[in-house]
Structure formats: C-alpha cells, structure tokens
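Each remark here refers to the structure printed beneath this line.
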Amino acid sequence: MTSWIEIGALDDIPRLGSRVVRTPGGNIAVFRTESDEVFALDDRCPHKGGPLSQGIVHNKRVTCPLHNFVIELASGQAVAPDEGCTHTHPAKVENGIVWLSVRQAAAVS
Amino acid sequence: MLDKVIKQKLVVIGNGMAGIRTVEALLERAPDLYDITVFGSEPYGNYNRILLSPVLAGEKTVDDIMLNTVDWYEDNNITLRKGETISMIDRRTCEVVTEAGERVPYDRLLVATGSNPIMLPLPGKELPGVIGFRDIYDVDRMIKASTDYRNAVVIGGGLLGLEAANGLMKRGMNVTVVHLLDTLMERQLDPVAGGLLRKSLEERGMVFKMPAQTQAILGEDRVTGVRFGDGTELPADLVVMAVGIRPNFELAKKAGLYCERGIVVSDTMQTYDGRIYAVGECVQHRRQTYGLVAPLFDQAKVCANHLAMKGFATYDGSVTSTKLKVTGIDLFSAGDFAPGPDKEEIVLQDANRGVYKRIILKDKKIVGAVLYGDTIDGPWYFQHLRDGTDVSHMRERLVFGAANLGEGGVSGQNSVAAMSDETEICGCNGVCKGAIVKAISEKKLFTLDDVRAHTKASSSCGSCTGLVEQVLAFTLGGDYSAAPKVKPLCKCTDHSHDDVRRVIVEQQLKTIPAVMRFMEWKTLNGCHSCRPALNYYLLATWPGEYRDDQQSRFINERVHANIQKDGTYSVVPRMWGGVTTPSELRAIADVAEKFNIPTVKVTGGQRIDLLGVKKEDLPAVWADLNDAGMVSGHAYAKGLRTVKTCVGSEWCRFGTQDSTGLGVKLEKFMWGSWTPAKVKLGVSGCPRNCAEATCKDVGVVCVDSGYEIHFAGAAGLHIKGTEFLTKVETEDETLEVIVALTQLYREEGWYLERMYKWCDRVGLEQIRKRVVDDVANRKALFARFAYSQQFAQTDPWAERASRGVDRNEFAPLAELELA
C-alpha cells in the first residue's frame, strides 16, 4: 500500500543536492540528481549516523559528510568495500512536484 | 546494451600477474567491451609470483599466494584455458594457434608471456636435480629435494638466488651460494651493503663461494656436484640456477613482431602491430626491461586504458625499488647508486648496530638510496626520488630520515616490523597493524588505495600513510605497487592537479562540467574529492567570473559553519588579531543563552567557538552576531583562518613592534580569500615569539630593526618549524610579501595541500625567487590577490542572515505528521 504525500516542488531541491523532510520517525533526506531524478533515504549514514542530506551528491550517490562513506541513492547500500545500508523510501516527481511515500521502517531511528 | 551485440574478442597469452592485472583494470574501465579468453601454460589460476620465496621458505602456502581463483574468471565471464600453450600467432588471419592446433581468432591480442630463468649453457645442465626458480612447479621440486637430499648449490647471488638459498636453508639443506662477482646483489647494492648482507647471511649458516665461475655440473643419472673455473669442486644434490631472467618473447618474434631484448612496445604498450599489445616482463620499453611488480602494474593500467578505448594514458617508464624478502634482514635499494662525477653521496655507517645508509644526490635531488639494517625510511626516500623533490633544504638531516624531519607524524612511532599486531597505525580510524596485515593477505591487496578502501587506514588525515605503505611493503615482502609517480587528482581522472590547473587556464574552462568534459572525466559528476578541488581551481583562476558551485562544496563551506559528529554545527565569529571588546563578548553570551548553545569554548586561534548550534538556528545566530558587528571567522574554510598575535609594543615591555596592529591589518586585508587548504597566520612582537608564529603557515617575528617573515610551518599532523623567507623594514612591505606569497600558493598549490607541503614540493628557493627577489612579480601577485578580494570580502553570514541567500539550505522541505 503506497500512499503518496506531496512534499514540495522539485525546484526547491538544488540539482546534485538534497533537502530534509521532517517526520516523527526522524529526518528523511530527499536527493535530486543532475538528471532530475529524486531519491529518499533516512538521513542517517549506516556508519556513524551522519546526516546524508549534508553530503556531496555525485551521479546517483552521496558521500556522507562525516567520514566519506559513499551511499547508493537507489538502494541505500554503502559502496564496497564499505558495508551497511540505509532505509530508502519511494519518491517520484510528477509535473514538477515531488511525492514521497514514507515506509514505516523509518520510524525506527 | 543488448545481449546480442557481438563483442570484440580479446585474447590474452599468459595468465600471470601482468596479463591478469591488465584484464582487471580493463574490466573496471569497460566491463562489457570484450569477450576475453586467457591462455596460461601453468595449471593454476593467477598467483603472486613475487611471493614464491616465502612459499619456499615455508612461511606461506600456495593457497596464500593465489590472486585470482578459477571462480573469479567464471564470475567475470572470462574463458580461462589453463594448461594450454600457444604455439603460434597468425597475424595475417588474426588468430592464435594452440599446441593442439586449434585456431582462436582475436580482434586484439595481449601478449604477457613473462620471462624464463636463464639456464647457463654448462655441461650437465640437463641433469635431474638442476632447476630454475620461476614457478610453483620449481618450488615444489625444491621442497621435495629438501626432504630427500642434503647439499644444495645456488648459482647466482642476486635477489632471486639469495631468496632461493634462504628458503632451502630454512628447509634444512646445506646451501652454498656461488656468485660470479665479489658483491652480492650488485645490481641493487654497493660493496659495503653487499658485505653487510653477506656477513649476516653467513651468521645464519649460508656459505658463499665468490667470486667464482661455474664450469660444469657433475653427475651421471643425477647431479652430484659442481666444478669451478679454479678446478675446485663442491658436492651437490640440487643445483638451482638463479642468475637472472630473460624476457620470453620467442612467440612474438616468430610472429614477426619487432623484438630486441624483449618485445619492443611504445608508450601505449603497443607492439609494432597495432592490434597486439604486450605488458610485463616480456616487454622492452624505452630500452628498459623490468622484472619487478610495480612497473608491471603501471603498464597494465596504461594498456587497459587503451584496450578500453580511453586512449589518453601513456607509460613513461618506472623507477623501481627492491627489498630482499629474507625474514629478519632489512635491505632496501632504489634508483641509481653507481658513483659518478656529478653525484654526491651522504653516508651513515654504524657497524655495531649493523646500519648502513647511503643516499645519492644529483642536482639537489635524490637519485638513489641503499639502506641496510634500518629500512624504515625506504618508502620515504623512494617517494622523494620519484617526485624529484628538491631536498637541499633538508640535506643536513636527510640521512636520519622522515621522523627526524618531523614527517614521521605525531606518534613518531615507525618501526613497523617491530610492532605488535595490536599497535594502532591509523589513529583517526582506529586501525591496528594486525587488521591491515590481515586485509592485505586475505583480500590480496597490493596498493595503498586498496588498503584505504578496505580498512580505512590512512584514509582520513593521511599522516599514517608512510606507515601503511611500510606495512604493505613488510607484508608483501617489499615488492608492492607503490603509488604512481604522478598522482591523479582522484579516481575520476588520470590527470594530475597540475594538469587540471594548466588546462583550465589554457582552454579557458570556466565551469566544472566544462573541465570534466574537456578532460574526459571517467565519472558523471565526479566525486566528493574532485568536485571541491575543481570548484576551488576555477574560483582561484577566474575571480569575479566563475560562479561558485555550492553543491561542489563540502558542507562546512556550503553552510559556513563546522559540522559536528551529531549533525549540529559550530560557529566561530572573527576576532581580528584575537582582540575583542566587552560588547562583542556580551553579544556572544546573549546568543549562547538565547539559542541554548551547549558549549562555549576558546579556540587555539584566539577566538570563541559556539558548539552545538542547530542548523535551522544558524541564520538567526548569525543575525545577532552581525548586529554586534561580528562577521564569519571562516573557521570552516579552506581559506584564511586566524591571525594569532601577542600584545606587542603597545603593552609588552619586550615588544619591538605593534604585532597586534599588524596582525589586525593582515587579517583585514586577507579575510575571505579561498586558498588550497587552510591558512593560519601568527605575528609575534619579539623573538620570544608568544604568538607561536614559527609553526604557522605564515609567521611574522618582529625585531627591533623590522619584520622577519617566515612560512611553511605546521603544528598539526606534522610538526614543522617555519622556513625563513625574508626580512623587511616596514609593515607595508610585510603585507606585500605575505599577500604575494599567499597568492602564489593560491595559484600553484594543489587542493588540500598545506603551504608547507607546497613548499616542500616546489622548493623554498623557487618561492623566494618569485616572491622576494623578483620585485615586479611580487607586485603583480599582490595586485592579483587584491583584485580577487573585491569579490571575496562579503560576509557570508550577513548574506544568509539578512539577504536571504540559500534560504532553502536551512529550512526543511516539509514537515510531516504521520498517523
């Protein structure tokens, strides 16, 4: 059961950047790639909990600002040889509006 | 890509380290380009040939040294035809022919046939019991002989011969080493070091006969002895010929490829037939042949680039270093150490400690090094050798090594071999020696980058890099693949920092995508290493024109505060020259209370740090500080940080000049400027130096007659006193020199390269010439700095606090209240 929530305009997220969505279960980082794809992840690096939303975005990856773990935006997986995974949430863009579906797993923070 | 696309066929002859390393590098660059078939005569996967000696000595097993198992070939869709030998290359039809007569077509062919041991043409050389030392088969035969027989003769006192002799001795045989010359390992060692080596091997029980020429190998059904030129004889049940290797290029030669001492290849690793590449010990490149691993890996990388059709890399030859893999003997040699009229030598000899070091210099640069007994600094000398560093400024202490020069890191700990497994090597990431050794052996790591990726050691501050390289050298027995001579900016490109800076100017490139396009970046948007570097280079090259790319800045510079471990930020307002006022202090106190800032701390740079500020509070905090007249201290920036001062002549009874006033003047002129790495200044009012100016990036020490300007100091990862640049008489001249110096650094420094590293790389004299001696150049540098300051001196806090810049950055996109 995917319930989509409108969270804002695509243009409010910088290209190769990220914005935070606050939820009772913790922050979710919403990323925008160069080609205007969006991805949503829990804003916590699997390494030491660093805020991924503050990292540098490159291609479909983000580098955590604390210790340079690189995380795949699509899967939430750390890029090898690092190990770990961050929860992902479905996100999409329709007519310039970003939609998010919060998966309850995020509530565990 | 469609499955049905017919791929080009790549055939590799030779399943050794060079060939497979090339294939690995090719798969990284272009995983789907070729159907790959590998032919190998030996019945194994690919193994680490340099570790055969430890296998012989019983310190490792064959399994330990396997690099690519059969599964690896399957996983990568490579057809491995092991135990099959190619007997002919048919260049006309583009096919190789196996011994069984099967013809296999290729579009591109890679010849990596390696080398063969040289078997001296002596009478009796074909007797059973006479073997070379080249592959697992040879090692097996030696191990078997060691259980059945007692006496071994090793012909050849080079690296390979001594390692073979040591292994056989460890297996219980009586070993005599026969050497034609009177110095062991004469290609790597000078007579003194050769003598020390001989002495310690003799103490372990090895016997030497040298100089001696072998005349015949004796025996009927099996070897029984060896006869020498002087008529004497030695009994022998096993004779190992280890006099050298000969590139194996018969196959290539038969196919009509041009060969001299090896298959002649160009800088792109191509033979005279453009479809055929060659790498490894079988090739001759610029008249050189190589028998060590590091050059093979360099070649593999270049060759893979071309096979992947990314034709920009060239191989320029390698400088090699050697370490003898005999446990307990520390021996290192690199470069050219033959005496010559234009060379100078620095020698340290301590017979009782068994230490000998000889550094050979030419034109102020290290060209060779021989170390015996204490090889800790081997990689460090080698680095300077390959980088061509001007070492004149450290010449008097050079022979004592990196630690003595303050480059050994803060721990000063550096005898890797003597460390226990629990010894912490990387203090940043808490990685101990045992973990690194384990990763190297289990995951088959060869390079510093591999170790960084797998263990995180040396991946943060980098001060333990030398130690990690030593652990690599120690674990792999010395012959690891050292970092390339010219370092690429990051993994997204093969171009160096200097290349990138030069091309930005030459090609008038003015955006990050333009640089990436022109220089053929390998990744789509670069990475967290190259993007900030490119952003800085563009900003420094095109002041006023380049539009700063916020998304290519590290978070601290994007939000003008320092991120902390819990995701909050710290805020440091500027205090010019470390001077503050009651009203500023009151404003700071008010801000701290108003926003519940948990920690207020005095920094080492004479300012006050507010720690634990929530990101969304930053603009409001800044607004309050701005109202009290304070601006950003850039405590987060690769830019001008602090100017630390003492009170100087205004108050101090010893002060000779107004150091505080000068500090403030410098800071007011230079704040806001971006630099390759952080820049900290200090101004002391007298030689008592209370502002600690002589360990800063730039320091001024006031004296009665004027101002001494020092620079290139450090008191962080490395401890290094400054270098004296010049002395001037007025404050204005001081400002001019310091600003010009900083501008030169801004134009030439590599991103994240501190001023002292830049000075090391470029040379003190070079810098002095351009900043001090050449007055016209100094003034031009000063003018360029002043010009770029017009665009830099806007308080980033005020822009964000009251002018709405980057408003989105500090507010959440949405707040959800989920059911």
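Numbers for the structure displayed
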{"item": "Residues of the stretch B:233-259 with amide N under 11 Å of a point placed 7 Å along Cα→Cβ from B:Arg222", "result": "B:237-238"}
{"item": "Value in Å of the Kirkwood radius, where chain B supplies the Cα pairs that are averaged", "result": "30.3 Å"}
{"item": "Accessible surface ranking that places the most exposed of B:Asp609, B:Asp230, B:Asp548 first, with a 1.4 angstrom probe", "result": "B:Asp230, B:Asp548, B:Asp609"}
{"item": "Residue-normalised accessible area of the protein assembly as shown, expressed per residue, 1.4 Å probe, Å²", "result": "42 Å²"}
{"item": "Rounded FRET efficiency, nearest 0.05, which uses the C-beta distance separating B:Ser266 from B:Ala780 and R0 of 45 Å", "result": "0.60"}
{"item": "Three-way shape label, the stretch B:488-553, alpha-carbon gyration tensor, a/c 1.5", "result": "oblate"}
{"item": "Size of the stretch B:137-284 as Cα extents on the principal axes (Å, biggest first)", "result": "52, 41, 30"}
{"item": "Ratio Rg/Rh, restricted to the stretch B:108-207 and using Cα atoms, in which Rh is the Kirkwood radius", "result": "1.02"}
{"item": "Segment B:Asp336-B:Ser496, extension gain: residue separation times 0.36 nm, minus the distance between their alpha carbons", "result": "55.0 nm"}
{"item": "Simple label model, 7 Å out from Cα along Cβ direction - A:Asn59 to B:Glu729, nm", "result": "6.1 nm"}
{"item": "Label-point gap, in nm, between B:Ser583 and B:Gln790 - each point 7 angstrom along Cα→Cβ", "result": "3.2 nm"}
{"item": "Ranked order, B:Ser649, B:Ser321 - accessible area, probe 1.4 Å, largest first", "result": "B:Ser649, B:Ser321"}
{"item": "Phi-based couplings in Hz for the stretch B:441-454 (Karplus 6.51, -1.76, 1.60; Gly and Pro marked x)", "result": "6, 6, 9, 6, 8, 10, 10, 4, 4, 4, 5, 4, 5, 8"}
{"item": "Loop-exposed GluC sites (Glu not before Pro) per DSSP, neighbour cap 14 Cβ within 10 angstrom, longest uninterrupted part of chain B", "result": "B:546-728"}
{"item": "Size of the A/B contact, given as accessible area buried on both chains, probe 1.4 Å, in Å²", "result": "2900 Å²"}
{"item": "Those GluC sites (Glu not before Pro) in the stretch A:19-104 that DSSP places in a loop and that have at most 15 other beta carbons within 10 Å", "result": "A:Glu34, A:Glu37, A:Glu83"}
{"item": "Cα-based Rg and Dmax for the protein assembly as shown, where Dmax is the largest Cα-Cα distance (Å)", "result": "31.7, 103"}
{"item": "With DNA, RNA and ligands ignored, accessible area of B:Ile719 (1.4 Å probe; Å², nearest 10)", "result": "100 Å²"}
{"item": "Sparse-neighbourhood loop sites, trypsin sites (Lys or Arg not before Pro) in the stretch B:530-631 - DSSP loop, at most 12 other Cβ within 10 angstrom", "result": "B:Arg547, B:Lys565"}
{"item": "Dipole magnitude of the protein assembly as shown, debye to nearest 20 (Cβ charges: Lys/Arg +1, Asp/Glu -1, about Cα centre)", "result": "460 debye"}
{"item": "Only Lys, Arg (+1) and Asp, Glu (-1) charged, at Cβ; chain B dipole about Cα centre in debye", "result": "520 debye"}
{"item": "Surface share of carbon and sulfur [accessible, 1.4 angstrom probe, percent] for chain B", "result": "50 percent"}
{"item": "Listing of the stretch B:507-538 residues, each with accessible area lower by at least 30 Å² in the full protein assembly than in the chain alone (probe 1.4 Å)", "result": "B:Leu524, B:Asn525, B:His528, B:Arg531"}
{"item": "Loop chymotrypsin sites (Phe, Trp or Tyr not before Pro), the stretch B:571-652, which have at most 12 other Cβ atoms in a 10 Å radius of their Cβ (DSSP)", "result": "B:Trp651"}
{"item": "Paramagnetic reach from B:Ser802 in the stretch B:669-690 [backbone N under 20 Å; point 7 Å along Cα→Cβ]", "result": "B:672"}
{"item": "B:Lys125 paired with B:Lys364, simple spin-label distance in nm, labels 7 Å along Cα-to-beta-carbon", "result": "5.0 nm"}
{"item": "Efficiency of FRET between B:Arg395 and B:Val355 - r from beta-carbon atoms, R0 35 angstrom, step 0.05", "result": "0.95"}
{"item": "Proximal charge balance of B:Ser146 [Cβ under 12 Å; K/R count +1, D/E count -1]", "result": "+2"}
{"item": "Members of the stretch A:22-65 that become less accessible by 40 Å² or more once partner protein chains are added (1.4 angstrom probe, chain alone as reference)", "result": "A:Arg22, A:Pro24, A:Glu34, A:Gln54, A:Ile56, A:His58, A:Asn59, A:Pro65"}
{"item": "Inverse mean reciprocal Cα-Cα distance (Kirkwood Rh) of the stretch B:556-632, Å", "result": "12.4 Å"}
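The values are calculated or read from the model by the stated rules, or taken from the named source; none is laboratory data. Everything numeric here is computed off the predicted structure, so don't read it as measured data. Heads up, the Cβs are rebuilt from the backbone with ideal geometry, glycines too, and the neighbour counts pull from every protein chain shown. These accessible areas exclude ligands, DNA and RNA; they are computed on the full protein's heavy atoms, side chains included. Shrake-Rupley method; radii C 1.70, N 1.55, O 1.52, S 1.80 Å.
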